[in-house]
1. Just one of the numbered conditions (1) in contact with a strand residue (DSSP E or B) (Cβ under 6 Å, 6 or more places away or on another chain); (2) open to solvent by 40 Å² or more (accessible area, probe 1.4 Å); (3) within 21 Å of A:Gly289 (Cα to Cα) is not true of A:Ala167; which one?
2. Inspect the range A:202-220 for any residue being small (Gly, Ala, Ser) and touching a Phe, Trp or Tyr at 6+ places or on another chain (Cβ under 8 Å) and give the result as yes or no.
3. Within the range A:167-209, how many residues turn out to be more than 15 Å from A:Val227 (Cβ to Cβ) and either of a type in the set (A, V, I, L, M) or in a loop (DSSP other than H, G, I, E, B) (or both)?
4. Suppose we filter A:Gly289, A:Gly271 for residues that are crowded, with 18+ Cβ neighbours inside 10 Å, closer than 16 Å to A:Ile182 by Cα and among the small types (Gly, Ala, Ser); which single one remains?
5. Would you check which residues across the range B:1-22 are more than 7 Å from chain A (Cβ to nearest Cβ), of a type in the set (Asp, Glu) and either in contact with a helix residue (DSSP H, G or I) (Cβ under 8 Å, 6 or more places away or on another chain) or under 17 Å from B:Pro67 (Cα atoms) (or both) and list them?
6. Please specify each residue of the range A:1-59 satisfying the condition of being more than 14 Å from chain B (Cβ to nearest Cβ), of a type in the set (Gly, Ala, Ser), open to solvent by less than 30 Å² (accessible area, probe 1.4 Å) and part of a strand (DSSP E or B).
7. From the set of residues in the range A:376-391 that are open to solvent by 10 Å² or more (accessible area, probe 1.4 Å) and in contact with a strand residue (DSSP E or B) (Cβ under 6 Å, 6 or more places away or on another chain), which is nearest to the other protein chains (Cβ to nearest Cβ)?
8. Return the total of residues in the range A:105-163 being open to solvent by 100 Å² or more (accessible area, probe 1.4 Å) and in a loop (DSSP other than H, G, I, E, B).
Amino acid sequence: MADPAVTILFEGQPLACRPGQSVAAALWDHGVKVLSHSPKYGRPRGASCARGHCMGCLMRIDGVPNVRACNAPVREGQRVERQDAGAVYGRPMQAALANTGHLLPVGFYYKWFTKPTAVAKLFMRAIRPVAGIGRLPDEAAWRGAPPPPRSRDLGRWDTVVVGGGAAGLAAVLAGEGRTLLIDDSRLGGGQRREALDLAAAGEGDPLAGLHRLRRLRAVLHERDALVAAAPHVTRAAATTVVGCYQPDMLLVRDATGLAVARADRIVWAAGALDQLGLFDDHDLPGVMGPRALYRLAGRDGIDLRGRSAVVWGHGPDQWLSAALLHARGAQVVLALDPTAAPDDDALATAGRLGWRLLHGVRPAAALGRAGSLAALRFDDGQGGARREAACELAVMCGRGKPVYDGAYQLGADLVLDPLRGGYVPRGAVAGRWDGDTPAGLRLTIAGESAGATLADLLQEVTP
Amino acid sequence: MSKRILCRCEDVTIEEFGKAYRDGFAEMEALKRFTGVGTGFCQGKGCLCESALELARLRGIDPSQVPLTNIRPPIEPLTFEELASLDLPPLVGEMEAAPRGDDPEVGP
């Protein structure tokens, strides 16, 4: 640790953290993985996506409720608190409440208790903290604070590309005219860029036998450099799309506030979200997908030395996750699902680096201790042989879910296709859809958002 | 206790989703409103595909027959303070150009 530590106050207790880490990662390094509890069954929640989507990490930070701890950087003297029922009623009461979840069946509507008014007020006061959405902000957190800056108009562009991964960078390079590239990462090259760089620098060169991942890394670097040098391209890094409005407008947010951009053509290449599968207790903190791992073990650099981690699934993300975990010092158990077909070089890499291998297994249950993951139980999918692997972290590398929200809002016709991970554009060919929306926008949906897998993208980049 | 959670934000288990279906909620839009699936903090990022696939399984239909429920902006949490910071001159121009008040559908 070259930089001096930053000290935060977690529920009154000072914790030393590495500058640049997120609050969620800093707490993980101090063994705090349970950041909130679910409203009804009181189930532990943590940073399971680590990318600001799952909201398992909502906490009260410096007196402001509902802050995503996975996106909030640590700062000196920062006050971090859980905001769930336990924070209001105490942990024993929270545990008791968690056992009453069945008294509130699906379809129960809390606004039923609206009469008499006096009872309703008491009921509201009691039930709102149970939902774990916190108290109002401390007055000191907002009184006298300057208002956010007015939103900016980024103007009209020939092309706006959303997503800076393999597909987005290719679209930028293939496009013409003034182009705006919007990406939520700081580095170009998408969610895997940093993971690939860290894995490549790992002890024992974990990527040495993983040829396709090395090729992907080279291609991402090459495309990123070409985009950086292209005079027609403006890059908006660390920028998130907040909403899309027909026919042609995007509302985005960066560190300085909101901005609006319009375009003659929009390329939606926003990638995919982790899909963890629906096995028992898969919602335990410690169970995550590869994209969450790339963030937590990448930028956030959580301490994994000597920790055991299971990487389940198949395909390039499984191998990249294993390589990144290895580079971070974790003990890797590679659990191959029945469809996995690794080549000899990959298997040799696993053998060389001492990864334990399980073949032909499916996750059956996550087993917890003190609210977070302690082991993963597998079966063979046919009710046969059960096996368990002790682990603090399980990375589930199933099919990614295409990110559909922006494409849908721009007017794309989407259809549910489980073979391609979720809702994909109707009629997409080879991970790509081009056409005009009913409102008259030229729209392209590309890459994982159009149902391509990373394996497909690697085919595309492999000579 | 062991559970198989379909929607984390609203705490809906796969059994509860199935029961709601058997109680007569046979479309995703209805199931979303009744069970709360997809209406929590994450707005369906964690559960809408999973729920739609489960509905296709329960109904014995092809997944392509289950349409996506309406996904309205914003797709990221926004504060009211941020919303109040919005300046949208081009859109305001278009809205002012649209007819208002005398629309017979809307009434005076």
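The values are calculated or read from the model by the stated rules, or taken from the named source; none is laboratory data. The shown structure was predicted, so the numbers you read here are calculated from the model rather than taken from an experiment. A quick note on method: Cβ atoms are made from the backbone with ideal geometry, for glycine too, and the neighbour counts reach across all protein chains shown. These accessible areas exclude ligands, DNA and RNA; they are computed on the full protein's heavy atoms, side chains included. Shrake-Rupley method; radii C 1.70, N 1.55, O 1.52, S 1.80 Å.
1. All conditions are met except number (2).
2. Going through the range A:202-220, the residues small (Gly, Ala, Ser) turn out to be A:202, A:204, A:208-209, A:218.
With touching a Phe, Trp or Tyr at 6+ places or on another chain (Cβ under 8 Å) added as a condition, the list becomes none.
No, the range A:202-220 has no match at all.
3. Filtering the range A:167-209 for residues more than 15 Å from A:Val227 (Cβ to Cβ) gives A:184, A:191-192, A:194-209.
From what is left, the residues that are either of a type in the set (A, V, I, L, M) or in a loop (DSSP other than H, G, I, E, B) (or both) are A:184, A:191-192, A:195-196, A:198-209.
Looking only at that region, the number is 17.
4. Testing whether each residue is crowded, with 18+ Cβ neighbours inside 10 Å, closer than 16 Å to A:Ile182 by Cα and among the small types (Gly, Ala, Ser) leaves just A:Gly271.
5. Passing the criteria: only B:Glu10.
6. Residue satisfying the conditions is A:Ser22 alone.
7. Checking each candidate, the answer is A:Arg377.
8. So the answer is 8.
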